[in-house]
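K.L.:
Quick one: this structure, given as structure tokens, is what I'll be asking you about.
None of the figures in this text is laboratory data; all of them are computed from the coordinates on show. Keep in mind that this is a model prediction, so the values were computed, not measured. Cβ coordinates were reconstructed from backbone atoms using ideal geometry, including for glycine residues, and neighbour counts include every protein chain displayed.
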Amino acid sequence: MADLEGAAVTQPEIVQPQSLRHNFRRVAIVHEWLVVWGGAEVVLRELIGLFPDCDLFSVVDFLNDKDRAALLGKHAKTTFIQKLPFAKKKYRGYLPLMPLAIEQLDLSGYDLVISSSHAVAKGVITGPDQLHICYCHTPVRYAWDLQHQYLKQTGLTRGFRSFSARLLLHYMRVWDLRTAVSVDKFIANSAYIGRRISKIYRRDSQVVHPPVDLSKFTAQLVKEDFYFTASRLVPYKRVDLIVEAFSKMPQRRLIVIGDGPEMERVRKMAGPNVTLLGYQPNDVLRDHLQRARAFVFAAEEDFGILPVEAQACGTPVIAFGKGGTLETVVGLHNSAGNPPTGLFFAEQTVPAVIDAVERFEAADISPADCRAWAENFSTEVFRNAWRQIIAG
């Protein structure tokens, strides 16, 4: 396991954040879509905080008033998709129109354009005298290396609908590659995504991890005798794998927070030592993160904010050793010699999870070290990185 345990991130200097409003005359920030609050919106909040005088653009904007307050009350200038039928709930169904829509946004009057992109935002049209920086959450997953997985999960493997979907995804790949050329600088949300940017776009990128508001989390040094996981219950999160593994370890207690289409299937495989709490508010989630013996994470994520939040609570992480967690969790016996904050399992299998839990039981991981490592992913670090990018 040494090859998985060796991931470590150099600790950047933390400085006091400040606004960048005076560096450019006019700044535009382009977001994918504003419908619900998630990780991309946390990044957007911090970008707006750095450029409070910016104008905001998005394919659609249906954000509620509570979440909008975190964006300084800004309303986005939207595309024609905003006014199409059922756009609020079925906006993803208009994906074939989004490349056209995003290209109609007039950004000609801005000196700096920042796109926060995982689908089409980076496709805005800019001129030679404008600086376009793309914060890339990922190249379009379902159009590139996850195409076949996407087609299987949506039942589009055969027939005319499958052919139509494949034709659309081909079109998306061509458009996505073409628009990458107009980006002046790519910022990747992890080294993992940086490798995807290099593979697909043949472009270099700088890594700036998404910000985690550590002020909301307090490290608890004394832990209780239960393991914990939390996620939306969808197939790729692999909560079923964690539940099945713990059901075969009746001496270990597992608590699960989250709901979704996989709930009934997961419930049927859960043993008496597994407790499913369903959806819970943030304060309940935070309480379990603080008290848990370890947080178990089986998904392959681009970054993965929950493992960082767990460490901010002083809770070690047992994670699948692929994707962003190799950057956010310090494994046992890592090459940099940093204090460990968790450990990894190499395969998404029940025996691999069981083995990882047994290895964790024999490990010595300090809650204080977990909290200290989480500081590397704070909002202050994120803001400082952006200050340096703009200055350079």
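K.L.:
Relative contact order (percent) for the chain, with alpha-carbon contacts under 8 angstrom and 6 or more residues of separation?
P.N.:
Relative CO of the chain lands at 18 percent.
K.L.:
Okay, next question. Go through Lys74/Lys185; Lys237/Lys268; Lys152/Lys237; Lys66/Lys216; Lys74/Lys216 and tell me which ones have a Cα-Cα distance over 20 Å in this structure. Before the final figure, lay out each step's value.
P.N.:
Values: Lys74/Lys185 25 Å; Lys237/Lys268 17 Å; Lys152/Lys237 16 Å; Lys66/Lys216 18 Å; Lys74/Lys216 24 Å.
Exceeds cut-off: Lys74/Lys185; Lys74/Lys216.
K.L.:
With the Cα gyration tensor of the stretch 157-258 giving a ≥ b ≥ c as the square roots of its eigenvalues, does the rule (a/c under 1.5 for rounded; else a/b larger than b/c for prolate; else oblate) give rounded, prolate or oblate? All intermediate terms of the calculation are to be shown ahead of the outcome.
P.N.:
Values: a/c = 3.54, a/b = 1.52, b/c = 2.32.
In terms of gyration-tensor shape, oblate.
K.L.:
Using only the Cα atoms of the stretch 83-142, what semi-axes does the equivalent ellipsoid have when each is the square root of 5 times a gyration tensor eigenvalue? Give whole Å, largest first.
P.N.:
Details: eigenvalues 108, 44, 14 Å².
That gives 23, 15, 9 Å for the three semi-axes.
K.L.:
Taking square-rooted eigenvalues a ≥ b ≥ c of the alpha carbon gyration tensor, is the stretch 201-303 rounded, prolate or oblate, where a/c under 1.5 means rounded and, failing that, a/b exceeding b/c means prolate?
P.N.:
It comes out oblate by the Cα gyration axes.
K.L.:
Quick one: what are the phi-derived ³J(HN,Hα) couplings along the stretch 329-341, Karplus 6.51/-1.76/1.60 with θ = phi - 60°, whole Hz, x for glycine and proline?
P.N.:
Each residue's phi maps through the Karplus curve to give 10, 9, x, 4, 6, 6, 5, 7, x, 6, x, x, 10 Hz.
K.L.:
Please state the shape class of the stretch 306-362: rounded when a/c is under 1.5, otherwise prolate if a/b exceeds b/c and oblate if not, all from the C-alpha gyration tensor.
P.N.:
The shape class here is rounded.
K.L.:
For Ala368 and Asp55 in the same chain, what is the full-extension length gain: residue separation times 0.36 nm, less their Cα-Cα distance, in nm?
P.N.:
108.6 nm
K.L.:
Please list, in chain and number order, the residues 5+ apart from Ala188 or on another chain whose amide H is under 5 Å from its amide H, with Hs placed from the backbone.
P.N.:
Correct list: Cys136, Gln206, Val207, Val208.
K.L.:
What is the calculated FRET efficiency for Asp129 to Lys77, with r their C-beta to C-beta distance and R₀ = 30 Å, to the nearest 0.05? Present the calculation step by step, with values, prior to reporting the outcome.
P.N.:
Numbers: r = 21 Å, r/R0 = 0.70.
In this case the efficiency is close to 0.90.
K.L.:
A further question follows. Normalised by the number of residues in the stretch 35-135, what is the relative contact order in percent for Cα pairs under 8 Å and 6+ residues apart?
P.N.:
21
K.L.:
Shifting gears a bit: Work out, step by step, the length gained on full extension between Lys66 and Asp111: first 0.36 nm times the residue separation, then minus their alpha carbon distance; give nm to one decimal.
P.N.:
Length difference between fully extended and current span is 13.2 nm.
K.L.:
5 Å is the cut-off here: which amide hydrogens, built 1.01 Å from N in the peptide plane, fall below it relative to Gly342, excluding neighbours closer than 5 in sequence?
P.N.:
Close amide H contacts, sequence-distant or interchain: Val317, Val330, Leu332.
K.L.:
Against the longest alpha carbon principal axis of the chain, how many degrees, from 0 to 90 and to the nearest 10, is the axis of helix 350-361 turned?
P.N.:
70
K.L.:
Let me ask something else. For the stretch 118-132, take each phi angle, set θ = phi - 60°, evaluate the Karplus expression 6.51 cos²θ - 1.76 cosθ + 1.60, and give the result in whole Hz per residue in order, putting x for glycine and proline.
P.N.:
Taking θ as phi minus 60°, the curve returns 10, 9, 10, 4, 5, x, 4, 8, 10, x, x, 9, 10, 9, 10 Hz for the stretch 118-132.
K.L.:
Hey, can you grab everything whose amide H is under 5 Å from the amide H of Phe24? Only 5+ residues off in sequence or another chain; H modelled, so Pro and N-termini drop out.
P.N.:
Under 5 Å from the amide H of Phe24: no residue qualifies.
K.L.:
While we're here: Name the most mobile residue of Phe377, Phe303, Phe86, meaning the one with the largest mean-square fluctuation, in a Gaussian network model of the chain with Cα contacts below 10 Å.
P.N.:
Among Phe377, Phe303, Phe86, the largest GNM mean-square fluctuation belongs to Phe86.
K.L.:
Also: Over the stretch 214-377, what is the relative contact order in whole percent, taking alpha-carbon pairs under 8 Å and six or more residues apart?
P.N.:
Normalised by residue count, the contact order of the stretch 214-377 is 24 percent.
K.L.:
With θ set to phi - 60° and the Karplus curve 6.51 cos²θ - 1.76 cosθ + 1.60, what are the ³J(HN,Hα) couplings of the stretch 304-317 in order, to the nearest whole Hz, using x for Gly and Pro?
P.N.:
x, 7, 5, x, 5, 5, 4, 5, 4, 8, x, 9, x, 10
K.L.:
What distance in nm separates the two pseudo spin-label positions at Arg141 and Asp184, each 7 Å out from Cα along the beta-carbon direction?
P.N.:
For Arg141 paired with Asp184, the spin-label model returns 3.1 nm.
K.L.:
A further question follows. So if I take the centroid of the Cα atoms in the stretch 187-210 and the same for the stretch 278-298, what is the distance between those two points in Å?
P.N.:
For the stretch 187-210 versus the stretch 278-298, the Cα centre distance is 30 Å.
K.L.:
Rounded to the nearest 10 degrees, what's the angle between the helix 191-201 long axis and the longest principal axis of the chain, both from Cα atoms, 0 to 90?
P.N.:
So the inclination is approximately 40 degrees.
K.L.:
What is the fewest-to-most order of Leu343, Leu100 by other Cβ atoms lying within 10 Å of their Cβ? Write out the running numbers ahead of the final one.
P.N.:
Working: Leu343 25, Leu100 14.
With the sparsest Cβ surroundings first, the list reads Leu100, Leu343.
K.L.:
If we count every other residue with Cβ under 13 angstrom of Leu167's Cβ, Lys/Arg +1 and Asp/Glu -1, where does the sum land?
P.N.:
Residues close to Leu167 contribute a combined charge of +3.
K.L.:
Taking only the alpha carbons of the stretch 214-377, what extent do you get along each of the three principal axes, in Å, biggest first?
P.N.:
Result for the stretch 214-377: principal-axis Cα extents of 42, 32, 30 Å.
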